[in-house]
Amino acid sequence: MLSQKFLSRLKNASAVTVLTGAGISAESGIPTFRGKDGIWEDKKVEELATAATLENNPELFWKFYNWRKKLINEVKPNLGHYALVDFERLYEDFFLVTQNVDNLHRTAGNEKIVELHGNIFNTKCSKCGKIHTEPISEVIQLPECKYCGGHLRPDVVLFGENLEEKNLKKAQEAAAGCEIFFSVGTSSIVEPAASLPYLAKANGSYVVEINPEETPLSDHADECLRGATGKLLPALVIIIEKLQS
Ligand code: BV8
Ligand code: ZN
């Protein structure tokens, strides 16, 4: 049962910000980072997605990223992704902040989006920094930069690396400037993304967590909806359409 306070915010708000994590892509068949999903070839994903692995074992690094790219190419956005496209239509000042590098929000149709941790299908040179737009086929073990011969890498933020300042700034502005902040399918652990809901709350926003499980954010959220995004987000769209009609 949704609270009256939440229903009146859903009805009257125009500025709505949504933060997503791996949980929203789980129903598309993409493993999350927690639990057994967080292990690949008996290595913790958080250890693989590091500059150290790229440096010391580029074969293993690319084998991991090519495995993920192949997996993502075989799946489609799910009803949770499409419901956020409806949110973008229903709320004039909507903004989507994702930690996911799987490009599924864009594929579903969201345009007002910042990919805080990058996009696995973009590639850049780790030497001259040039962005390479041509798709890098998964068979090439160690792709090289056509400009300087340096090692290419997916344009994602690895653990221990700073986020792009402009992306973090956009996310912080959207968190500080919204009336409702949804934290969706994320374990609310990885920083600095995990601080965004607190920034929103500190600026008077109504913070709503959507996750089948508790997270460190749960006790600080104004409302927690326990369930799968593929079910709860489309249900929310129907409620919002009724409230706005
Ligand atoms: C940085 C791109 C400067 C690569 C990623 C402060 C304190 C402690 C540590 C730190 C700190 N500040 C910085 C750190 C270090 C680190 C960090 O936060 N570590 C964690 C582990 C504590 N942060 C960094 O390194 C950041 N850089 O801070 O640089 C610096 C450097 C060093 C030291 C200080 C400062 C860079 C962070 C970005 C790293 N790159 N991804 C790639 O993907 O290949 S992070 C990656 O992991 C994801 O992008 C995402 O952010 C994170 C995984 O979290 P989630 O997406 O939430 O997924 P998870 O599996 O954890 O949870 C899924 C949830 O979904 C669960 O709760 C589950 O219940 C739920 N769920 C499941 N099914 C469903 C569902 N929900 C709804 N519906 C369903 N159907
Ligand atoms: Zn280069």
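Just checking: which of the helices (runs of 4 or more DSSP H) contained wholly in region 30-87 hold 1 or more residues that are in contact with a Lys or Arg (Cβ under 9 Å, 6 or more places away or on another chain)? Outline the logic, then answer.
On the way: elements: 45-48, 51-56, 58-73.
Ranges flagged: 51-56, 58-73.
What do you reckon, is Asn122 modelled with pLDDT under 95, more than 28 Å from Leu236 (Cα to Cα) and more than 16 Å from ligand 2 (Cβ to nearest atom)?
no
Which residue, of Glu115, Glu92, Glu88, Glu74, is away from ligand 2 (no atom under 16 Å from the Cβ), without any contact (Cβ under 8 Å) to a residue 60 or more places away in the chain, among the acidic types (Asp, Glu) and open to solvent by 40 Å² or more (accessible area, probe 1.4 Å)?
Glu74
Consider only pairs whose beta carbons are under 6 Å apart and that are at least six residues apart or on different chains; among these, list those whose first residue lies in region 146-169 and is without any contact (Cβ under 8 Å) to a residue 60 or more places away in the chain and whose second residue is open to solvent by 60 Å² or more (accessible area, probe 1.4 Å) and in a strand (DSSP E or B).
Asp155/Asn122
Can you tell me which residues in region 146-161 are away from ligand 2 (no atom under 16 Å from the Cβ), open to solvent by 20 Å² or more (accessible area, probe 1.4 Å) and part of a strand (DSSP E or B)?
Phe159
Can you find, within region 88-131, the residue that is farthest from ligand 1 (Cβ to nearest atom) among those that are outside any loop (DSSP other than H, G, I, E, B) and of a type in the set (Ser, Thr, Tyr)? Don't jump to the end; show me each part of the working.
Initial filter on region 88-131 (outside any loop (DSSP other than H, G, I, E, B)): 88-90, 93-98, 104-108, 113-115, 118-125, 131.
Filter once more, so that each one left must be of a type in the set (Ser, Thr, Tyr): 98, 107, 123.
Working: Thr98: 8, Thr107: 17, Thr123: 13 Å.
Ranking the qualifying residues of region 88-131, first place goes to Thr107.
Which condition number in (1) of a type in the set (Phe, Trp, Tyr); (2) touching a Leu at 6+ places or on another chain (Cβ under 8 Å); (3) within 11 Å of ligand 1 (Cβ to nearest atom) is the one that Phe159 fails?
Only one criterion is unmet by Phe159, namely (2).
The values are calculated or read from the model by the stated rules, or taken from the named source; none is laboratory data. Given the structure is predicted, the values throughout are model-derived calculations rather than measurements. Backbone-built Cβ (ideal geometry, glycine too); neighbour counts: all protein chains shown. Side chains included, ligands, DNA and RNA excluded: accessible areas come from the protein's heavy atoms. Shrake-Rupley method; radii C 1.70, N 1.55, O 1.52, S 1.80 Å.
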